[in-house]
Each structure stands twice: as structure tokens, then as C-alpha cells.
1. What FRET efficiency, computed as 1/(1 + (r/R0)^6) with R0 = 22 Å and r the Cβ-Cβ distance, is obtained for Arg93 and Glu189, rounded to the nearest 0.05?
2. Using only the alpha-carbon atoms of segment 25-153 as identical scatterers, what base-10 log of I(q)/I(0) does the Debye formula give at q = 0.10, 0.17, 0.19 Å⁻¹?
3. Just for segment 426-490, what percent of DSSP beta bridges are antiparallel, to the closest 5?
4. Can you tell me the length gained on complete extension of the stretch Asp109 to Ala290, counting 0.36 nm per residue apart and subtracting the Cα distance?
5. Run the helix sum for the chain: -39,500 (n - 2.57) per DSSP H stretch of 4+ residues, divided by residue count, reported at 222 nm to the nearest 500 deg cm²/dmol.
6. With helices defined as uninterrupted DSSP H runs, which ones in the chain have an alpha carbon span along their own long axis of at least 30 Å and mean Kyte-Doolittle hydropathy of at least 1.6?
7. Provide the FRET efficiency to the nearest 0.05 for the Thr422-Ser241 pair, computing r from the beta carbons and using R0 = 25 Å.
8. If contacts are Cα pairs under 8 angstrom and at least 6 residues apart, what is the relative contact order of segment 71-190 in percent?
Amino acid sequence: MQRVVINAAGMEKRTALLDNEKLIECAIHRPTEKPLTGNIYKGKVQKVLPGMQAVFVDIGTDKNGFLHKDDLPAYQQLSEDDKKKASISNLIREGESILVQVSKEETGDKGAKLTGLISFTGHLLVYFPFTPHIGISKKIREFQRSALQTWGSSVLSGAEGLIIRTGCEDFPEREMNHELENLRRQLKEAEKKSAGKKAPALIVQPPFFYPLLERWLNANVEEIVVDDYDTYNLVKEYAASYRNPYSVKLYNEKEPLFHKFGIDVDIEKTLSPLVWLKNGSFLYFNVTEALTAIDVNTGKFTGKKDRSKTVVETNLIAAKEIMKQLRLRNIAGMIVIDFITMQSNEDKEQIIKAMREEVRKDSSTMVLHGFTKMGLFEMTRKKERPSLLETLAEKQSHMMDGYILRSETLYFKMERLVKEYTFEDVEALWIEVPHHFSEWMQKNPDKLKVIMEQTGLVLFLSAGSSNREIIVRQSGKENEVRSRMLKDSD
């Protein structure tokens, strides 16, 4: 059984996918001006780079987006011969307005990756107005593909293209036609809105849960649980649009939703580079900007068999757990795994087979390159949004294996904690927070006012010794809390 859990009651929105009550994927959405995957903008070309065959596009955010020649509709509509000779300087010019979509979010110093080949996603189809290609899900069986290909060719015109998704396996033609018209209507609405805006401008921003539910919802999902009434109504409307509507439940208990399902604890664990395996062996994740290196160590596990069997057994367990952790932590880019050395090619093939089986469970694109001559396993995973570690923590050489929790992370954590006290008869809270967060709050006093206005509680903050914990030292009447804080600070 799978369950989608949506914590939308606070400023920070969190969406999680559980499988048999275990967290397998999680995404965090914060109030931000940064471009999010799927957003469509009317951008203005700032600079053409012939040497890179790309352009920088101003989309109204702090960093310009990056758009490669291959992602321009004008380029894709050329013949194969003309493509070989085409230069980006002849396809697009500085100052020109262009409709673009975010395909990869900002990371580090890099701006968002953009595409002019915008798409609109439905349950059954992905519609590409400017990409004349028909793709069919690999999960659809061969004998059905021909009929779907014929249907796609019959309903498309000009530069239109489609990806026919797994839900079309039994060829629900009526629903497919209806959805295609709906996706075309979304394009017209976006173009109409764009025509009335001056670049740069945000044209389309899907609800925060939309891209995830499109990826996660399948026959194994039994329910969606939401803790915010307005979001619940939106999700319920969305879930009802499926041929077999999903059950959506409103959660309104006192205990925080993510705490109820143990998700907060699992998220906390993803910040540690160490992952213990069930047989006493362990994994160590070393995440850098260039790549992620994962070390497999036998640890406490010595085995009762000969060494080669012990090694293979440990590597098999490690391979499956690594693939789960990559999805859970949302680690992407280049990944190098240092399995315990195996001499036999047959043993290595077992590991590759186990990893291929896990790839099918992850909706992100992965490529397994296999073992190098040095015995390292190489693979890549497509990056669409920042990892949990990037979102929650920041580099700090002497803390938490090089990381401390971001002030933004602690701020939203404090908001959720304070809201728990709105169920009690209290006027004020004295909260002890990490020192770096206390300094951040002093520089951003309006942020404390926001939480106090939302909850009706008076908040007093002081710096504590922990770098990660937020502790309520006192709650009660405002004058009592103030007096206790002043007394303890003497």
C-alpha cells in the first residue's frame, strides 16, 4: 500500500510518498521567487553565446536562465541537414521575447535550465506544442503500441507532439481525446496571458503538489492525506479528474501530520552521511558539488560463509539500499559507488541486475554505466530539483559532518512547533534556538512578527547551545514567560 501525505498547513509545503508506511520520496516547497520546475515564463533574451550555442534569458528572477540551441522550437523545426549548419545567432536575438519553461531548478551559482519546447502534462498524455514527435511509454506492451502510434498521428498536426503515458495501455480513446483538447486549451490560455504581459513575467505556475502527484499516483496509491482545507479541496478536485478517482482525506488532528506518520524522523536521518544496513554493514555518502561518492563498508558484518559470498551478499544489500537512498535524498548528477571489491564478473552482474530492478521504481531518469577498470560503479541520475540536503542544510566545515541546518529550515520548523501551542491556553512562548538562527532572526525581525500574527502568541527567542534543536523553555501567560526568561538570563 502506498500513501501520499501533504503537509500544507504552514508556509512551507511538504509532500511525501509512503510505501508500507515507510518514506520513499519527499519534496519540500518553500515560499520563493526562484523558478520552479514546470513554471512557464515570458522571458527576454539577455545574451547570445555562439561559442556555447546557448542564450541567457531574463525571466524576472535573481539569476538569468540558461537555454541551449537544442531546446529552441526554431531549431527543432529545421531539417536534419539544416540543423548541422544552424547557428544559434541565426535562430534567436538579444532583446527578443520568448516563452520558456523551467526544466531544472537553480542550484548553487547556476541559474535555472530552460526549454522553449514547453509541455503540458495530463494523466494520460504529455502534450508538446512545438516538438513533432510521438513517444510511447516503455511500460506499454508491444502489441498495443502500433494502435496508439496510429491514434497519435491522426490527432496531431503541424509541430505538435505527444508522449503517450502508461495509463493509455488499454487505449481509452475517448478520455485521451478529451485530455488532448484540455491540454491544447491550456496552451491557448498561456499564449493569451503571455500576449498581455511584458517580459520578463511568470505566465504559468502549477500548484506545488501537481508535478509530484503526476509522477507518484498509480494503482498502488490508496489514499492522499492533506492537513490544509484549501489544499484539500484543490487536491480533491485534481484527484477526481482521474478515471478512477483517488481517495482524499482531510487531516485535522492535533498531532502534526508528518509527526503522525514518522516522516519528520526519516527526513532528519537523510542529513546523516552514514546509513546502517540490516546486516551490520554501512554506506557512507560524500556529497560534493561535482559528484556524489558512496562507500560500501562491511562494518560489523563478517559473515558465516567464505569471503566472496560475504562480499556479494553485502554488495547486494548495499545496491538496493543505495537506490532507495538516492530517491529519498533526491541525490542526482554523477554518482560513483565504491562497492567492496569483487573479482568475478558474474558477481558484478548480480549487482547490476539488482540495481536495474530498483531503477524501475524511480520516476527520475537514471543511466547505469557499470563498473570501471578500477572497480568503481558509475551512474547518473537526472537532477530536477535540489536534494533534501541542499534544501535543509548548508556547508559548515565544523558542524554535522560539514553541514548545519539552514536558518530557513529552522524558521519553518519553529513555525510548525509554535502552531502546536495554539491548541493550548497560553499567551506566550520562550523558545531557545541555535545561535546562528538567533542572529538571522535579529536581522529579519519581520519574520517573527509573521508567526506571531498567524498564531496570536507572543514569542521570546534566546540563543542556545545546540546547532539543530529548537526548544520551548517556557509557555504560559505573557508576563510569567517574560519574567522567567529575564530571571534565567541574569
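1. My answer for the efficiency is 0.20.
2. Once normalised to I(0) and log-transformed, intensities are -0.41, -0.96, -1.08.
3. Bridges in segment 426-490 are about 45 percent antiparallel.
4. 63.9 nm
5. When only DSSP H runs of four or more count, the value is -10000 deg cm²/dmol.
6. Long hydrophobic helices here: none detected.
7. 0.15
8. That works out to 24 percent.
The values are calculated or read from the model by the stated rules, or taken from the named source; none is laboratory data. This one's a predicted model, so the numbers in the text were calculated from it and none came from an experiment. Here the Cβ is made from the backbone with ideal geometry for all residues, glycine too, and neighbour counts use every protein chain on show. Just so you know, the surface numbers come from the protein's heavy atoms only, side chains and all, with ligands and any DNA or RNA stripped out. Shrake-Rupley method; radii C 1.70, N 1.55, O 1.52, S 1.80 Å.
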